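Colleague: My structure is below; once you've seen it, I'll send some questions.
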Amino acid sequence: MELLPFPVVADTLGVPVTRVHQYVRDGQLVATRDDAGVRGVPAQLLQDGAIVKSLPGVVTLLRDARFSDDEIAEWLHRVDDTLPGSPIEALRANRGSEVKRRAQVAGY
């Protein structure tokens with residue numbers, strides 16, 4: 001998974017870097033670390049200069065199920081044969097309801 005540094009995310013969204021940090025804290029986005037320990041946002045969480053539609057709702061559901069941001073990033077990118085593809089691919093294709101249903105049961 002490609003990670004974007006916070007300044008790149010800020011430029012893409014047209015907001016200050018501090019807002020990106022706030023988005024992560026508030027569950028609008030998730031951030032994880034690469035092998036070198038550098039924190040970034042998975043590139044697929046952004047689409048057309050915005051946060052992927054329905055992503056914040058899915059993040060909230062998974063955080064409520066006690067998923068860490070690393071686990072959320074992994075879950076979003078893991079291939080799910082019932083979708084088909086990964087949850088983030090489904091979100092990017094505007095199939096948020098399907099992904100939310102899977103997120104609701106992911107923690108149980």
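The values are calculated or read from the model by the stated rules, or taken from the named source; none is laboratory data. Predicted model only: the values in this text are computed from it and were never measured. Neighbour counts run over all protein chains shown; Cβ positions are idealised from the backbone, glycine included.
Colleague: Look at Leu29 and say whether it is touching a Phe, Trp or Tyr at 6+ places or on another chain (Cβ under 7 Å) and either crowded, with 19+ Cβ neighbours inside 10 Å or modelled with pLDDT of 95 or more (or both).
Modeller: Working: touching a Phe, Trp or Tyr at 6+ places or on another chain (Cβ under 7 Å): yes; either crowded, with 19+ Cβ neighbours inside 10 Å or modelled with pLDDT of 95 or more (or both): yes.
Yes; evaluated as a whole, the condition is true for this residue.
Colleague: Follow-up. Take the residues in the range 64-82 that are in a loop (DSSP other than H, G, I, E, B) and touching a Ser or Thr at 6+ places or on another chain (Cβ under 7 Å), then tell me which one is farthest from Glu2 (Cα to Cα). Explain how you work it out, then say what you get.
Modeller: Pass one, the range 64-82, residues in a loop (DSSP other than H, G, I, E, B): 65-68, 78-82.
Then keep just the ones that are touching a Ser or Thr at 6+ places or on another chain (Cβ under 7 Å); that gives 78-80.
Values: Arg78: 14, Val79: 16, Asp80: 19 Å.
Result: Asp80.
Colleague: Name the one entry in Ala106, Ala73, Ala50 that is of a type outside the set (Asp, Glu) and touching a residue at least 60 places away in the same chain (Cβ under 8 Å). Even if it seems obvious, please write down each step before you answer.
Modeller: Values: Ala106 fails: touching a residue at least 60 places away in the same chain (Cβ under 8 Å); Ala50 fails: touching a residue at least 60 places away in the same chain (Cβ under 8 Å).
Exactly one residue qualifies, and that residue is Ala73.
Colleague: Right, another one. Name the residue, out of Gly85, Gly40, that is at positive phi and outside any helix (DSSP H, G or I). Give the steps one after another, and end with the answer.
Modeller: Details: Gly40 fails: at positive phi.
Selected residue: Gly85, the only one of Gly85, Gly40 that is at positive phi and outside any helix (DSSP H, G or I).
Colleague: Okay, moving on. Return the total of residues in the range 14-26 being touching a Leu at 6+ places or on another chain (Cβ under 9 Å) and either surrounded by fewer than 18 Cβ atoms within 10 Å (Cβ to Cβ) or basic (Lys, Arg) (or both). Before the answer, list the steps.
Modeller: In the first step, residues of the range 14-26 are kept if they are touching a Leu at 6+ places or on another chain (Cβ under 9 Å); the result is 19-20, 23.
Then drop every residue that is not either surrounded by fewer than 18 Cβ atoms within 10 Å (Cβ to Cβ) or basic (Lys, Arg) (or both), which leaves 19.
Counting residues in the range 14-26 that are touching a Leu at 6+ places or on another chain (Cβ under 9 Å) and either surrounded by fewer than 18 Cβ atoms within 10 Å (Cβ to Cβ) or basic (Lys, Arg) (or both) gives 1.
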